[in-house]
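Have a look at the structure below before the remarks.
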Amino acid sequence: MSEQWWKSAVVYQVYPRSFADADGDGTGDLRGIIGRLDYIAALGVDVVWLSPVYPSPMDDNGYDVSDYQNIDPLFGTLSDFDELVAKMHERGLKLMMDLVVNHTSDEHAWFEESRTSKYSAKRDWYWWRPARPGTTPGERGAEPNNWDSFFSGSAWTYDKDTQEYYLHLFSKKQPDLNWENPEVREHVYDMMRWWLDRGVDGFRMDVINFISKITDLPDRLVSQAEVPGDGTPYDFSRPRIHEFLHEMNKAVFAPADKALVIVGEMPGVTVDDAVLFTDPARCEVDMVFEFEHMGVDRGHDKWDIVPFALPSLKASLAHWQRGLAECGWNSLYWNNHDQPRVVTRFGDDGEFRVRSAKTLGTVLHMHRGTPYIYQGEELGMTNTVFEDIDDFRDIESINHFTEATSLGEPSADVLEKLRFMSRDNARTPMQWDDTAHAGFTKGEPWIGVNPNYKVINADAQALDEDSMLWHYRRLIRLRHELPVVAHGNFTMLLEDDPCVYAFTRRLGDTELLVLGNFSSQQQHLDVPDVESWLASELLLGNVFREKYDDPPSHLAPWESRIYRRRIHRREG
Ligand code: NOJ
């Protein structure tokens, strides 16, 4: 297996609580996943990214870990986990564990010990600070600095017993670990080696660029334009991040005697920094998971939703394609457990749902990078229906609702934004069939099933070769079979066109032309040098025609096509 096997791989993300429930308690579990491995294998993917299954109070659905070396009883046992790994390996699937080490749960033994006293041996494992000088500890404004948490409110919580504050960039039940402390790093590396020995094939590392902080934790600058709730609450320079990741690589990844995949989830990472993180010579991570393109419909924060404009999306993705063309690697995704469903967000989840979902898939999968499919994306699952705030489960959404309404925003307005952008849209149960609860559980699901499961479900699509599911299988096969998809260079065409997404990929004498209409109207195509594609071969499309006008002069609403040609003469 080549060292960089993940360059031609496709990742499938399983969010365990919403994937498949075997024991009927309404929450998905490991045995549920085991029961669906044939489905995942039939898609043709290479890697499964498993969102956290560690013991957790579930304040943030498992992204608040209270024991790094066990499985939460809600999901099963370590022996279920071992069986999952073995059965995945039997099917040629690799397992990528979610690793959440920027913070622990406040119920982790490390934090429980840390909070006992200022003199605890683990005090320095977390970020404890006294109140701001000249203030009364515990009162508003006394927090050590002005950082906000990503989940609303201050990033500091006051601990009455020891009269200091601890830092939490996420909820107050997710205290940040102090990576400056070498003992913390050693314990984390030990734990990672333990999972590798148990059979896992890599890690998706949660907000891993946040582990290095400016140690004097300065106030962030507050600009005039800023409003409360800004989602980027602190300075993004992270002085020791490359050093920490290199150290981790040498301590954990390099000695492992197998082909791993290491992904760094890095909100706010720049292209230049991504090159450094993923340059193989620097031994840090294999690829970044960045967010720039998820910001194209975002104003000053994620709840300030601005209209989607295709040129901004193209500009962002093209910028990353160019920036990593010579060195480095990126992840490609539209969806994960933190994003609303893409067919609702950037596509048309009404009349052209299937066609637009196929076009979104086609365009993404033909970029350079490693594509990720989030459970249900391959079925064209959509955002769901939330009647009121009680239908939401996500801490980020609920906290935002509480904060925004307490500041005077009408609840109807806040709800409207949540309905579109809430992470819970991604977390409704996987739609397996048209029986009760979409075949996800025999019990009462922990979050409502999307009412459209009778129409959108895996069983129906498995029987229909024209379905989304089959389209995704074809896209994955193209990446595996055509080196140009994984390795070819990328050239964006028609950058300013508001409706058409067009680009070429080229490797040696093979060139692909990818075309996608991102609108519900027919579009005229103005592809440069289009005559040269006359004798090309149509590899995949999403609109059936008796006769194709190759090369096309028009695309039907949400139509997409992939062409291939051999280049016989030397060109530029
Ligand atoms: C990123 C994860 O993807 C998200 O779900 C989580 O809430 C935060 N990190 C905190 O761990």
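The values are calculated or read from the model by the stated rules, or taken from the named source; none is laboratory data. Being a predicted model, the structure only gives us computed values, none of them experimental. Neighbour counts are summed over all protein chains in view; Cβ atoms, including those assigned to glycine, are modelled from backbone coordinates with ideal geometry. Areas reflect the complete protein model, heavy atoms only, side chains present, ligands, DNA and RNA absent. Shrake-Rupley method; radii C 1.70, N 1.55, O 1.52, S 1.80 Å.
Tabulated data for the structure shown
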| quantity | calculated |
| --- | --- |
| Identity of the residue in segment 453-468, part of a loop (DSSP other than H, G, I, E, B) and open to solvent by less than 40 Å² (accessible area, probe 1.4 Å), that ends up farthest from ASN542 (Cα to Cα) | ASN457 |
| Test: residue in segment 280-287 that is at pLDDT 95 or above, open to solvent by less than 60 Å² (accessible area, probe 1.4 Å), of a type in the set (D, E, K, R) and on the phi < 0 side of the Ramachandran plot | yes |
| Within segment 419-452, considering residues that are outside any helix (DSSP H, G or I) and either hydroxyl-bearing (Ser, Thr, Tyr) or touching a strand residue (DSSP E or B) at 6+ places or on another chain (Cβ under 8 Å) (or both), the one nearest to ILE398 (Cα to Cα) | SER422 |
| Sole residue being of a type in the set (Ser, Thr, Tyr), part of a strand (DSSP E or B) and crowded, with 19+ Cβ neighbours inside 10 Å, chosen from TYR472, TYR501 | TYR501 |
| Selected residue (criterion: farthest from HIS480 (Cα to Cα)) from residues of segment 26-57 that are of a type outside the set (A, V, I, L, M, F, W, C) and open to solvent by 30 Å² or more (accessible area, probe 1.4 Å) | PRO57 |
| Qualifying residue in segment 7-24 (condition: without any contact (Cβ under 8 Å) to a residue 24 or more places away in the chain and hydroxyl-bearing (Ser, Thr, Tyr)) | no |
| Residue list for segment 106-160, filter: among the small types (Gly, Ala, Ser), open to solvent by 30 Å² or more (accessible area, probe 1.4 Å) and not in a loop (DSSP other than H, G, I, E, B) | ALA109, SER154 |
| Options ASP72, ASP98, ASP82, ASP67: the member that is of a type in the set (D, E, K, R) and touching a strand residue (DSSP E or B) at 6+ places or on another chain (Cβ under 9 Å) | ASP98 |
| Index of the failed condition, ALA357 passing every other in (1) within 16 Å of the ligand (Cβ to nearest atom); (2) buried (at least 22 other Cβ atoms within 10 Å of the Cβ); (3) of a type outside the set (Asp, Glu) | (1) |
| Qualifying residues in segment 43-66 (those that are within 16 Å of the ligand (Cβ to nearest atom) and of a type in the set (Asp, Glu)) - the one farthest from the chain's Cα centre (by Cα) | ASP59 |
| Answer from THR405, THR344 - the residue that is modelled with pLDDT of 95 or more, under 21 Å from the mean Cα position of the chain (by Cα) and open to solvent by less than 50 Å² (accessible area, probe 1.4 Å) | THR344 |
| Selection status of GLY268, within 16 Å of the ligand (Cβ to nearest atom) and at positive phi | yes |
| Segment 365-396, residues that are assigned to a helix (DSSP H, G or I), within 16 Å of the ligand (Cβ to nearest atom) and over 17 Å from the mean Cα position of the chain (by Cα) | ILE395 |
| Any hit, segment 321-338, residues being open to solvent by 10 Å² or more (accessible area, probe 1.4 Å), among the polar types (S, T, N, Q), part of a loop (DSSP other than H, G, I, E, B) and touching a Lys or Arg at 6+ places or on another chain (Cβ under 7 Å) | no |
| For GLY32: the one exception among (1) away from the ligand (no atom under 16 Å from the Cβ); (2) touching a residue at least 24 places away in the same chain (Cβ under 8 Å); (3) among the small types (Gly, Ala, Ser) | (2) |
| Residue match in segment 15-25 (condition: surrounded by 21 or more Cβ atoms within 10 Å (Cβ to Cβ) and more than 16 Å from the ligand (Cβ to nearest atom)) | yes |
| Some residue of segment 70-85 being open to solvent by 10 Å² or more (accessible area, probe 1.4 Å), closer than 29 Å to PHE392 by Cα and within 16 Å of the ligand (Cβ to nearest atom) | yes |
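Conditions (1) within 17 Å of SER356 (Cβ to Cβ); (2) outside any loop (DSSP other than H, G, I, E, B); (3) charged (D, E, K, R), marked per residue:
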site: SER532; (1), (2), (3): no, yes, no
site: LEU540; (1), (2), (3): yes, yes, no
site: VAL543; (1), (2), (3): yes, no, no
site: GLU546; (1), (2), (3): no, no, yes
site: ASP550; (1), (2), (3): no, no, yes
site: PRO557; (1), (2), (3): yes, no, no
site: ILE562; (1), (2), (3): yes, yes, no
site: ARG565; (1), (2), (3): no, yes, yes
site: HIS568; (1), (2), (3): no, no, no
